[in-house]
Protein chains: 2
Amino acid sequence: MTTSAPRKKRMPRAEREQQMLTIAEEVFVEQGFVASSMDDIAARVGVSKPMIYEYFGSKEGLLVACIRRAKAELFDCVANAAAGITDPEMALRSGFTAFFRYADEHRLSWQLVLNNEGALAGSAAAEAIEEIRTEQTTLDRALLETFVPHVPGQTLDAIAEIIVGACERLSRWYVRTEGVTAEDAAEYVMRLAWYGLRPLVASSDENVEPVQGSHPAQENNGA
Amino acid sequence: MTTSAPRKKRMPRAEREQQMLTIAEEVFVEQGFVASSMDDIAARVGVSKPMIYEYFGSKEGLLVACIRRAKAELFDCVANAAAGITDPEMALRSGFTAFFRYADEHRLSWQLVLNNEGALAGSAAAEAIEEIRTEQTTLDRALLETFVPHVPGQTLDAIAEIIVGACERLSRWYVRTEGVTAEDAAEYVMRLAWYGLRPLVASSDENVEPVQGSHPAQENNGA
DNA sequence: GAAGTAACCTACTCGTAGTAAGGTAATCGG
DNA sequence: CCGATTACCTTACTACGAGTAGGTTACTTC
């Protein structure tokens, strides 16, 4: 029911490995790493557990292999997109686009990376953490709205998300980097957020073409 | 050796709970959620396992409680910092600063949120995922450098981190939001990155005061 | 100081990661 | 065509950790 046909035939190692990875990816995303059982995965593959251990060493080894495969794919996409473009602006834009396209077209793989970093997908713990971000996003959004009220809701959503992601990641860097104060870090974010936003507020939307041609401020809060 | 004295005395529930949370936080960050054992935590607290289950229900319940406590602290900090400030720019800046200050002053709590979202702290899997970001950061940084060569290395580092964090978070939003194309998402990031960066390149540093008054381009790559 | 309650323990079950040791099918030299 | 080597695959275990049942000890209150 999960895969397709009840493949009971022997299979060369390389092929079996790929099959295992595909199914493991499914299971890990569905149930979360912790809740997934090797017996279950083995059963879905149609093979016995020791085979997986033979090929991947451990449960975590299996996860790592899944991640590595996803990573390789992602880098192919982005590298191809940016390859040969000399203008940095175009290269950046093209790379970003490829990145988001990958996230869209390989949702399972990408969710694996995003969620199973937190091995607790679907769990209360994951929700508790996500809640932190949600609240921060809501707060930022509210602040932004007072500042640039005429901007479409969706744009505000996107910017709020961007700021939260930026803060989170920068906080990691900040903590491990010597000689940077909290004010410095905040200033870095402010620069991008504030100056990056300025075209939106200064010229309404004559200088900066709206991202979405039309889309009249469609709200987007719920999960 | 972990706590302080071999407290063998009885203790009111509220106090014991706080002690448990503090120690659990330590252990979770040290070993990662998956690798941590309830027996170990109980032993360090100087109490038997069923006590923890009595108070927190499950291993994950314990983690959630840790996260909630951290979250409450974080929100206190940020809310206090932004409270009463009417100018949105100052409010944002002050909030950001408080956020980074929290990350710095409560490293353990914050690491819990960052790492144990990925319950695999310290594991090969966590490294594999982090590797993806590192590579992306390196790539972005290289692109930025060709564009704004005169900017201090540390600033480039920070901006690259910001972009990676922004992309990651925005990709989540993007995937769950209807009617947004990869190009749209890329454009959102470009706006912040590009226009946010523009003051740096356009006017060198006459319009925009450098974040670090002096700090002459001190590099910072290693962990 | 008896009764009640809140903190605490010992001693278990059960599920799952990981392993040992052996079976079966393809391939290859003769 | 036939034994032998190799590689895919299995059944049947061990070990360990999450979670629990039920009893014990120390504080509190009248």
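Here are the numbers for this structure:
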read-out	value
Among residues of the stretch A:163-179, those that are facing chain B (nearest Cβ under 7 Å) and assigned to a loop (DSSP other than H, G, I, E, B), counted	2
All helices (runs of 4 or more DSSP H) inside the stretch B:11-84 with 2 or more residues being more than 9 Å from chain A (Cβ to nearest Cβ) and near DNA strand C (Cβ under 10 Å from one of its atoms)	B:13-31, B:38-45, B:49-56
First in the stretch A:32-47 and within 14 Å of A:Glu17 (Cα to Cα), second anywhere and near DNA strand C (Cβ under 7 Å from one of its atoms), Cβ under 7 Å, 6 or more apart	A:Ala42/A:Lys49
Among (1) surrounded by fewer than 21 Cβ atoms within 10 Å (Cβ to Cβ); (2) over 27 Å from A:Asp140 (Cβ atoms) - the single one B:Arg101 does not satisfy	(2)
Any hit, the stretch A:93-103, residues being among the aliphatic types (A, V, I, L, M) and modelled with pLDDT under 70	no
Yes/no for A:Thr134 being under 16 Å from the mean Cα position of the chain (by Cα), surrounded by fewer than 21 Cβ atoms within 10 Å (Cβ to Cβ), at pLDDT below 80 and polar (S, T, N, Q)	yes
Test for B:Leu74: is it away from DNA strand D (no atom under 16 Å from the Cβ) and either free of Cβ contacts under 8 Å to residues at least 12 places away in the same chain or outside the structural domain of B:Ile162 (by the TED database) (or both)	no
Single condition A:Ala42 does not satisfy, out of (1) at pLDDT below 85; (2) more than 27 Å from B:Asp140 (Cα to Cα)	(1)
One residue from B:Leu21, B:Leu62 being surrounded by 15 or more Cβ atoms within 10 Å (Cβ to Cβ), in contact (Cβ under 8 Å) with a residue 24 or more places away in the chain and within 13 Å of DNA strand D (Cβ to nearest atom)	B:Leu62
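Each row is one residue, and each column tells you yes or no for (1) outside the structural domain of A:Ala158 (by the TED database); (2) within 16 Å of DNA strand D (Cβ to nearest atom); (3) within 18 Å of the chain's Cα centre (by Cα); (4) small (Gly, Ala, Ser).
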position	(1), (2), (3), (4)
A:Phe33	yes, yes, yes, no
A:Ala82	no, no, no, yes
A:Arg93	no, no, yes, no
A:Glu105	no, no, yes, no
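The values are calculated or read from the model by the stated rules, or taken from the named source; none is laboratory data. Quantities reported herein were computed from a predicted structural model and do not represent experimental measurements. We place every Cβ from the backbone using ideal geometry, glycine too, and count neighbours over all the protein chains shown.
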